[in-house]
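Just so it is clear, none of the values below were taken in a lab; they were calculated from the coordinates. Given the structure is predicted, the values throughout are model-derived calculations rather than measurements. Cβ coordinates were reconstructed from backbone atoms using ideal geometry, including for glycine residues, and neighbour counts include every protein chain displayed.
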Ligand code: MSP
């Protein structure tokens, strides 16, 4: 039976959602929409959510002067609102504070402890609260965490519980090399292999004296390390939600390279210890900067997707984000490009094509419907090939190239100058071609696709409202 279980990371609730979270969730949504089309609604389970425990979250709540429970509810709701605004169609929104998750995490831990995969030892080292992890010498740059260079590392010495991931090193390395699960793109696969070759150490899975988290079941002086429980979300949801068991393990896990190691090694060690199957594809996109700099509040270049939606509308925002840079690699999002791209790649191309053809087709009896189309096989094959190779930006380019080509043919043929029958035939050719674009467009811009259908999927076509209205002056 074909099914797809698609996941995003569960995002920390220490700050409101930004364009980085939106990018990953949007990519996952695009794929979930595609697979719903292919396998049917009921065979897709798309999950996103929030990661709500740990020092970093407690610190943020304290800073706001709010009880932590209230604070995590508030920020988690901001994520939900954001996904609603971006037309993200998920099946379940996961929260690590869900008591059903807590219970299963504790059962798993107790089981691993009984099986002696967990032991106690003293751990000393530099801890980055931003990453919620100890950093090794290789990861420290000029005495700081390169990802959170705005905060000092904390030297910590604590007695913690450790998980014997080293028991699984060889097995995991073999599975990665045999492609029993895929780490995509290839550069990330090699990165993980080199990291394994550099040597693995057991990881601490508890925090002594931590305040905000799930208790270690046999020792309530300790809380479960946030990463350990967070990675279990992909599993626990399929246990506590009804009828979702058959979806486990995940088919595609979307994330960025910052958390690749956790997803392609630690997660697997945990699942092997639990005797569970491993996720199929770990899909890492790159990290992007905004206007050439790392996104940061102090630089003032954090993009709030809401501002984009206010200016460009939901669908154009989805387009602008996903087309900003090549999916697998690092990139830069330039805000100054948005207006130009909106006009050139959306309103002057797809918007124009749709409005011109609809106007020309007014009054003709249109025989074409989405169900009886002559398929442009070459276009379809190219689109599917890029899409299924996890290059959504390139797949989108195949669509825009086709739109540009149709606009050129329209300008060249000048159907408005033709005689009656010939004119009708020519215009209806464009109607059919536009209808052929609806499905691929719908994964990226669902409402635009709906509007195109409303216009052309009927016998009497009339001119619609502009798909991409003129932008307001800045
Ligand atoms: N809570 C953990 C994930 C646990 S999953 C079991 C976490 N949360 S996070 O809020 O920091 O989200 C990290 C993810 O946000 C990245 O992996 C990526 O998906 C997305 N991004 C955040 N900033 C981004 C960029 N600047 N560029 C690309 N992706 C971005 O880590």
- Nitroxide proxy distance, nm - points 7 Å out along Cα→Cβ at residue 364 and residue 84: 4.2 nm
- So for segment 1-128, using the alpha carbon gyration tensor with a ≥ b ≥ c as root eigenvalues (a/c under 1.5 gives rounded; past that, a/b versus b/c decides prolate or oblate), I'd call it oblate
- Looks like segment 244-384, by Cα gyration tensor root eigenvalues a ≥ b ≥ c and the a/c under 1.5 rounded cutoff (else prolate when a/b is bigger than b/c, oblate otherwise), is oblate
- Ranked highest first by average number of other Cβ atoms within 10 Å, how do 398-411, 84-97 line up? 84-97, 398-411
- Going by a ≥ b ≥ c, the root eigenvalues of the Cα gyration tensor, does segment 68-173 fall in the rounded group (a/c under 1.5), the prolate group (a/b larger than b/c) or the oblate group? oblate
- Item | Relative packing of 190-201, 30-41, which averages over residues the other C-beta atoms within 10 Å, highest first | 30-41, 190-201
- Message: Tell me the relative contact order for segment 327-408 as a rounded percent, counting alpha carbon contacts under 8 Å between residues six or more apart.
- Response: 42 percent
- Task: Find how many whole Å separate the alpha carbon centroid of segment 156-219 from the alpha carbon centroid of segment 419-462.
- Result: 51 Å
- Query: What are the semi-axes of the equivalent ellipsoid for segment 166-299, taken as the square roots of 5 times the Cα gyration tensor eigenvalues, largest first, in whole Å?
  - Reply: 25, 22, 18
- In degrees, nearest 10, the alpha-carbon axis of helix 55-64 is tilted away from the dominant principal axis of the alpha carbons of the chain by 70 degrees
- Message: If neighbour count is taken as other Cβ atoms inside 10 Å, put 170, 59 in order from fewest to most.
- Response: 170, 59
- Exposure proxy check on 163, 240, 254: fewest-to-most Cβ neighbours within 10 Å is 240, 163, 254
- Expressed as a whole-number percentage, the relative contact order of the chain with C-alpha contacts under 8 angstrom and at least six residues apart is 15 percent
- 222 nm mean residue ellipticity, helices alone, for the chain (DSSP H n ≥ 4; -39,500 (n - 2.57); rounded to 500): -14000 deg cm²/dmol
- If 156, 246 are placed from fewest to most neighbouring beta carbons inside 10 Å, the sequence is 246, 156
- Compute the distance in nm between two label points, each set 7 Å from the Cα along the Cα-to-Cβ direction, one at residue 474 and one at residue 137. 4.8 nm
- Grab the Cα-Cα distance for residue 419 and residue 307, subtract it from 0.36 nm times how many residues apart they are, and report the gain in nm with one decimal. 35.5 nm
- Note on the structure: Log10 I(q)/I(0) at q = 0.15, 0.16, 0.26 Å⁻¹ for segment 375-461, from Debye over equal alpha-carbon scatterers, is -0.62, -0.70, -1.32
- Message: Considering only C-alpha atoms, what is the centroid distance from segment 367-393 to segment 32-58, in Å?
- Response: 25 Å
- Message: Let me check I have the definition right: for the chain, take the eigenvalues of the Cα gyration tensor, multiply each by 5, take square roots. What are those semi-axes in whole Å, largest first?
- Response: 47, 23, 20
